[in-house]
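Working notes, structure below.
Nothing in this text is a laboratory measurement; each read-out follows from the coordinates by a stated rule. All of these numbers come straight from a predicted model, not from anything done at the bench. With ideal geometry, Cβ positions are generated from the backbone for all residues, glycine too; neighbour counts draw on all protein chains shown.
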Amino acid sequence: NQLDQKKRIAAEKAVEWIEDGMLIGLGSGSTVYWFIRKLAERVHDGLRIQGIPSSKRTEQWADEMGIPLTDFSKTDRLDLAIDGADEVDPKLNLIKGGGGSLLREKLVNQVADKLIIIVDDSKAVLQLGQFPLPVEVVPFAWQTTVNRLRELGVEPRLRMDGARPFVSNNQNYIFDCAFQTIRDPQALHRELKQVLGVVETGLFLNMADLVLIGSEQGVQQLKK
Ligand code: DER
């Protein structure tokens, strides 16, 4: 369908930045799926790379498609990371975490020399916040953590997986926080990180170097 087509052209464009011998951060989500598929084709044609996955789901895709993997016991840096996003603003600040992988994604993306984000044009916004901000929280005493989050003027919603709370790959809960408009993302991220019980937020600030936006007109490049 048309949405998949927009994701796919952005994802396949990102493969052009991959060079032989690179260590690659593999993001998570349905747009990254198309990147993994295209990367696997290049690997089958002889491209030599190794990837570190940012979720168990991405690890499964990489295994199924024959992309060689490595891990942080063998390297503490990456040449390039490719990942999706839920919102991108004009300064390339992101909201991520719609798929629940934000903690591993941020840990992978943080150590990459270059971060390329691949999105369809529905993700491009003027100001962050319409998409409820995912916040990863330790399950123990989560009710008390929610009380502290409420003091920031938001009603955190526990993300469910059917009848039970969603549990991240790191055994934590995710709270979706509908701030509506986030005027100062840096300040909000700092405030959230200081709340006892909060592990990480879906605000990826000053991290992306390039955003590839898939639209009906093709792929638009947004640079810092
Ligand atoms: O959860 C995440 O951070 C994903 O990267 C998400 O932001 C994008 O997922 P999508 O490509 O399926 O929209």
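Neighbour counting of Cβ atoms within 10 Å sorts the residues Phe204, Phe179, Phe72, fewest neighbours leading, into Phe72, Phe179, Phe204.
Considering the stretch 39-130 at the alpha-carbon level, its Rg and Dmax are found to be 14.3, 42 Å. In order along the stretch 109-123, the Karplus-derived 3J(HN,Hα) couplings, from 6.51 cos²θ - 1.76 cosθ + 1.60 at θ = phi - 60°, round to 5, 4, 9, 8, 5, 9, 10, 10, 9, 10, 9, 8, 5, 5, 8 Hz, and Gly and Pro are given as x. For Ile52, the residues whose modelled amide H falls within less than 5 Å of its own, excluding neighbours fewer than 5 places apart on the same chain, are Ile24, Gly25, Leu26, Thr70.
Would you mind estimating how fast the stretch 70-224 diffuses translationally, via Stokes-Einstein at 37 °C and 0.692 mPa s with the Kirkwood radius over Cα pairs, in µm²/s?
Working: Rh = 16.2 Å.
Estimated diffusion coefficient is 203 µm²/s.
GNM remark for the chain: springs join alpha carbons under 10 Å apart, and the peak mean-square fluctuation among Gln110, Gln127, Gln180 falls on Gln180.
Dipole orientation for the stretch 153-224: of the candidates Ala208, Ile174, Gly162, Ala208 has the Cα lying most toward the positive pole (charges on Cβ; Lys, Arg +1; Asp, Glu -1).
In a solvent-free Debye calculation with one equal scatterer on each Cα, what is log10 I(q)/I(0) for the stretch 163-224 at q = 0.20, 0.29, 0.30 Å⁻¹, listed in the order of the q values? One equal scatterer on each Cα of the stretch 163-224 leads to -0.97, -1.22, -1.26. Work through the residues other than Ala178 whose Cβ is under 10 Å from its Cβ and net out their charges, Lys, Arg +1 and Asp, Glu -1. In short, -1. With respect to the chain, whose longest principal axis is taken over its alpha-carbon atoms, helix 56-65 is tilted by about 10°. Computed from backbone phi with θ = phi - 60° and the Karplus coefficients 6.51, -1.76 and 1.60, the 3J(HN,Hα) list for the stretch 22-33 is 6, 9, 10, x, 9, x, 9, x, 6, 6, 4, 3 Hz; x is used for glycine and proline.
Over the C-alpha atoms of the stretch 1-66, the Rg to Rh ratio, Rh being the Kirkwood estimate, stands at 0.95.
How large is log10 of I(q)/I(0) for the stretch 143-188 at q = 0.13 Å⁻¹ when the intensity is taken from the Debye formula with one equal scatterer per alpha-carbon? At q = 0.13 Å⁻¹ the computed log10 ratios are -0.36. Ranked from largest, the principal axis spans of the Cα set of the stretch 88-132 equal 27, 22, 16 Å.
One quarter of the convex hull surface built on the alpha carbon atoms of the stretch 45-95 amounts to 5.2 nm², the projected area averaged over directions.
Which links in Lys6/Lys224; Lys38/Lys223; Lys7/Lys223 stretch past 20 Å when you go from one Cα to the other?
Working: Lys6/Lys224 22 Å; Lys38/Lys223 23 Å; Lys7/Lys223 18 Å.
Table pairs above 20 Å Cα-Cα are Lys6/Lys224; Lys38/Lys223.
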